[in-house]
Structure formats: structure tokens, C-alpha cells
Amino acid sequence: MVALPLTNDPAIDPSVQDLIAARPWLKYDAFAGLLLDGVPLAGIAAGAGTPTWAYSAETMRARYRSLADAMTGADLNVEVHFAVKANDRLAVLSLFGAAGAGADVVSGGELLKARRAGIAAARIVYSGVGKSEAELRLALAEDIGQINVESAEELAMLSAIAAGTGQTARVALRVNPDVDAGTNTKITTGRATDKFGIPYADAIALYRQAAGLPGIRPIGLATHIGSQILALAPYRAAYSRIAGLVRALRDHGLHVETVDCGGGLGIPYRNEPAPSPAGLAAAMKQAFHNLDVRLTMEPGRWLVGPAGVLLASVILVKQTPHEPFVVLDAAMNDLVRPAMYDAWHGIVPVAASGAHTLGGPATVVGPVCESGDTLARSRSLPPLTPGAIMAILDAGAYGSVMSSTYNARPLAAEVWVDRGSWSVIGDRQAAEAAWERERLPA
Ligand SMILES: Cc1ncc(COP(=O)(O)O)c(C=O)c1O
């Protein structure tokens, strides 16, 4: 049997101490239990209930600063567009807006949210393979900075709309470099067979065509090869191909002023070696430093993933002839990553007493009626009793944004931890609110 990544392997798995030591924003206090930026998570669970997402604002700010510093340190002037899909909460968007970031959006809804959070239209880039006519009209009406076009068909559609309204769209062609990012196949986007981007071989012809179309001003190229990327080699390969295209386009007399380097930088959920922003900056520099292009990037997960935890209560511990099941009140409808990507998340007790006294392996599950609702397998946990609060780590990216109301489970509360206190940034959904929009047939 192939071991799923969410299955623990005592030979490689970090202990509770190692998990916490690697995340300086988390700390155990002997009396107050696990603290997030000094704020007891037990207090949040008591006040807001569970399941609840808790985000460290300072960790997001610090990670943004360190990413920006890595770019500056490599002598690169890079405009960072936060990938809204990773965490689209207004509090998060306004934090990054205030820190100086723009936004990478993939829907009209994300565009409106970014604007609502105060991000200037000029600093918004719109990516995605299927922007509807209404969404393209919205992008033009908002006069956003850049539209990343992903097909000849979309280019024609955008040209017709923009020409009709008398506007000019600033367009980058998103090119598929045919590079395998080596990550989970569901979040791999840069292979020739993936739905994203314009085939590499078609890019020059389409760029030339774009330059002659009404309502279109081609300004550059974009690429994004996937998410949770844990090696720099795929970045180097993709960037080298894009740099080659920039040269070729210029050789054809075409104007190229910008390159969007995408996102995807991975984070260690377990204890995987992960590349640093400085490593990514070096890859960008190596490819583009002598091309005189304005560089942008679209990181999401790296900025917000580690900054969030999902708090859950133990409902019961079900004994079986095999591993016991620890049943939490958080489930796959809250955090779908383990079910969807076999993703591994650290799960630690919030109470300090006994946190490091591990018992035999247990399977951690939620109450949803699917065996796929498994958050961890063969996990060594302390002896747990009903009501114990657990923190699921690194839940700040692709967490609450991917939640659903499956099994008519309401959306969890979301809280913001900043400057020593916490506040609610997302109310727990009332059970009835989840079906408020429905009608019985006439
Ligand atoms: C076009 C685009 N840009 C940026 C991102 C952000 O990726 P990540 O959160 O891994 O940095 C994604 C997500 O896959 C994406 O599709």
C-alpha cells in the first residue's frame, strides 16, 4: 500500500516541539497553553467557539516584508501582487494593500473584493482561463493595471469588448512554458497539457496579432507554473523560456515592458526543505536582470499559509480494534486540503499540559459523512478527551477560502490576532443562513 502523505511517518515526522519551534509566532505557555503572537488560543476558542480560523496579522506583515526585502536584496524592483485566491478575507487584503502590495485576482468577485479592501485598480492583475464577458467588462470599467490573457479566443473577446467601449486593455500574454513544477498534479499549471496559458510555440504570433488588435495594448508576458513548489529548478526552467521569448519578441520589433513571474513558492507543512524568497529572487534575477523589464510576482500561500491556524474541539475519541479515531468538530468542509491533495498539516493540542506526552497513533477525522474526511492518519497525539482544543497548523492559505457548507455545516468563524488582542473578522454562519438563498418551488 502506498502511504498517503497525510499519514504520519514517525521516522520523519516532526515532534510537537519541532513544529512549534519552527513557527516563532506560536509558543506554549505552561498555564495559558498555545499562544498565537502572545494571545492564548484557548481564549479565542472559548470566546468564538470552534471551529474557528485564527490569523496572525504580524506574521503576514513580517512575511511580506521579508519577501519584499529578498527582492530588494537581489537588486530587483518587483511589484508584489498578493494572490487573492489564497485568502480573500477583507482584513487580509487590506493588510497587504497597506503594506504596499497589489492583487492578483482570478474572478470578478475577487476583483471587487480587492477594490473594496482599498487596493488601487492600477495594482490589480487579472489572471484565469475563463473570464466571462461580464468580468472582462468589469476589469475594463475598473481600469485595472493588467489583464493576463490566456488564449487566442480570450484575446479576440477582450479586443471586441474594449473596442466597443473605446478603451484600451493593457494585456500580458500568459505563456505556458511546458515545465512541470513537480508539485501535486491538481495544482500544477505549467505543463503543455494543463489548461493554463498560451502554448509556448504560439506566443510570438499571438503577441504580434495582439499588437494589431483594436482595444489591446500588449505590454508583456506572464507565467505561473503551479503552487506549493518546493524546488527552484522548475522556476529557472520556466523563467529561462520566458526570457527567451522576451528576446525573440523584441527581435521581431515588438514592445515588451513587463514580465509577471507568477507565484507558487512552497512552504514546509511538515519539515520539507523549501526554497527561500532569496532563492526565488536569484532565479528571477538570473533570467531577467539584463532585459530591462518591469518585474511583478503573484505569491499567495507563502505570505499567508503559516499565519493561520484552524481551531477545533475534540467531539469524542472513538476506540476501535485498529487506531482510535479522534473526531473533531472541524471537517473537510472547513479545511479540504487533506481530502483534496492528501496534504499534511501539523495538529497540536492547545493545552500545554501533556502536549509533549504522545500516545499511540490515532486517525484524526471530522464529522462529515465521507471517509475522505480524514485530517491525519497515524498521528501521535497526547491522550485526548472530549472538549480538548486542537490547533491545525499552516491553515492560512487555501483554508477558509475553500470551505463549503457540505453536510449543511455552517461556515466557521474567523478571527484576527494583532497587537496582543483578537477580534472577529468573519462571523460564524448561522445554520439557517447556509440555505437562506433557497426557495421551495412554486
Ligand atoms: C495565476 C496564479 N497566480 C498566483 C497563484 C498563487 O499561487 P501560490 O499561492 O502558490 O503562491 C496562483 C495559484 O495557483 C495562480 O493560479
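The values are calculated or read from the model by the stated rules, or taken from the named source; none is laboratory data. Since the model is a prediction, treat every value here as computed from it, not as a measurement. No Cβ is skipped: glycine too gets one built from the backbone with ideal geometry, and neighbour counts run over all protein chains shown. Just so you know, the surface numbers come from the protein's heavy atoms only, side chains and all, with ligands and any DNA or RNA stripped out. Shrake-Rupley method; radii C 1.70, N 1.55, O 1.52, S 1.80 Å.
Descriptive notes on the structure:
- Checking Arg65, Arg89 one by one, the residue that is more than 19 Å from His224 (Cβ to Cβ), buried (at least 21 other Cβ atoms within 10 Å of the Cβ) and away from the ligand (no atom under 13 Å from the Cβ) is Arg89 and no other.
- A Cβ distance below 9 Å, combined with a sequence gap of six or more or placement on separate chains, defines the contacts here; from region 196-224, residues that are without any contact (Cβ under 8 Å) to a residue 40 or more places away in the chain reach residues that are within 16 Å of the ligand (Cβ to nearest atom) and part of a strand (DSSP E or B) in the pairs Pro199/Val175; Pro199/Asn176.
- Strands (runs of 3 or more DSSP E) enclosed by region 218-335 - at least 2 residues per element that are open to solvent by 20 Å² or more (accessible area, probe 1.4 Å): 308-318, 325-328
- Look at region 83-94: where a residue is of a type in the set (S, T, N, Q) and a partner is near the ligand (Cβ under 9 Å from one of its atoms) and part of a helix (DSSP H, G or I), sitting 6+ places away or on another chain with Cβ atoms under 7 Å, you get Asn87/Val304.
- Scan of region 336-372 for residues that are in a helix (DSSP H, G or I) and either surrounded by 18 or more Cβ atoms within 10 Å (Cβ to Cβ) or not assigned by TED's automatic domain parsing to the domain that holds Ala408 (or both), ordered by number: Arg337, Pro338, Ala339, Tyr341
- Restricting attention to region 247-295 and to residues that are farther than 19 Å from Met60 by Cα and among the polar types (S, T, N, Q), the residue that is nearest to the ligand (Cβ to nearest atom) turns out to be Thr258.
- Residues within region 97-123 that are open to solvent by less than 10 Å² (accessible area, probe 1.4 Å) and either within 13 Å of the ligand (Cβ to nearest atom) or on the phi > 0 side of the Ramachandran plot (or both), tallied: 5
- Meets criteria (outside any loop (DSSP other than H, G, I, E, B), at negative phi, within 16 Å of the ligand (Cβ to nearest atom) and open to solvent by 40 Å² or more (accessible area, probe 1.4 Å)) for Val424: no
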